[in-house]
1. Out of curiosity, is Arg16 farther than 24 Å from Phe124 by Cα and surrounded by fewer than 16 Cβ atoms within 10 Å (Cβ to Cβ)?
2. Can you give me the number of residues within the stretch 1-34 that are in a loop (DSSP other than H, G, I, E, B) and basic (Lys, Arg)?
3. Filter the stretch 36-47 down to the residues that are over 17 Å from the mean Cα position of the chain (by Cα), assigned to a strand (DSSP E or B) and not acidic (Asp, Glu) and list them by number.
4. Here is a check on your reading of the model: is Asp4 surrounded by 14 or more Cβ atoms within 10 Å (Cβ to Cβ), in contact (Cβ under 8 Å) with a residue 60 or more places away in the chain and touching a Cys at 6+ places or on another chain (Cβ under 9 Å)?
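Since every read-out is calculated from the coordinates, none of them should be taken as a lab result. Bear in mind that the values here come from a model prediction, so they are computed numbers and not experimental data. For neighbour counting, all protein chains shown are included, and Cβ atoms are generated from backbone atoms with ideal geometry for every residue, glycine included.
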Amino acid sequence: MMGDWMGSNYGSSGKRYDIQFRIDPNGRYLWAVRCENDQERSETGRWTTEQNDAVLKLQPDSVADRPRLWRVLTVSTCEDANTLLVLREVAFESRNLPILFYRVHLLEKPDALQPLSDRDRDLFLDLLDNPPEPNAAFRKAAEAYRERHGEVE
């Protein structure tokens, strides 16, 4: 789970929020949110896990802010890839959608990192919803996998 992650969330008004989430191995985190109109806010603090790593607790450095709890969800078939992270805030709200984060490798200058454009995000989501037909190389790899591991349910 450690590393740099990017994700997007949408408010009830449809406004998009891009999130940069850094989880350091020393127990520190950075949570930076950029709104469509380029307003940005960030918080830093300490992170811990609870319930056998199923819950991520973020304790902000600011004593005025309450700790936030996030349930760590899994993406079926992607657990071992370590490229996707799905968090859902543990909150009593009617609109509490999970956030899909993807692993990024940040440049030396954090300002150089740009979130996905609306076009690229839409293309990515469309490919998830409507994957292309498998080519010959993919079918060959799938057959080799089935021979080694058996059928996938």
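1. On the way: farther than 24 Å from Phe124 by Cα: no; surrounded by fewer than 16 Cβ atoms within 10 Å (Cβ to Cβ): yes.
No, not satisfied.
2. Within the stretch 1-34, the subset in a loop (DSSP other than H, G, I, E, B) is 1-2, 11-15, 24-27.
Retained after the next criterion (residues that are basic (Lys, Arg)): 15.
Within the stretch 1-34, residues that are in a loop (DSSP other than H, G, I, E, B) and basic (Lys, Arg) number 1.
3. Of everything in the stretch 36-47, those that are over 17 Å from the mean Cα position of the chain (by Cα), assigned to a strand (DSSP E or B) and not acidic (Asp, Glu) turn out to be Arg41, Thr44, Gly45, Arg46.
4. Working: surrounded by 14 or more Cβ atoms within 10 Å (Cβ to Cβ): yes; in contact (Cβ under 8 Å) with a residue 60 or more places away in the chain: yes; touching a Cys at 6+ places or on another chain (Cβ under 9 Å): no.
No: the conditions fail for Asp4.
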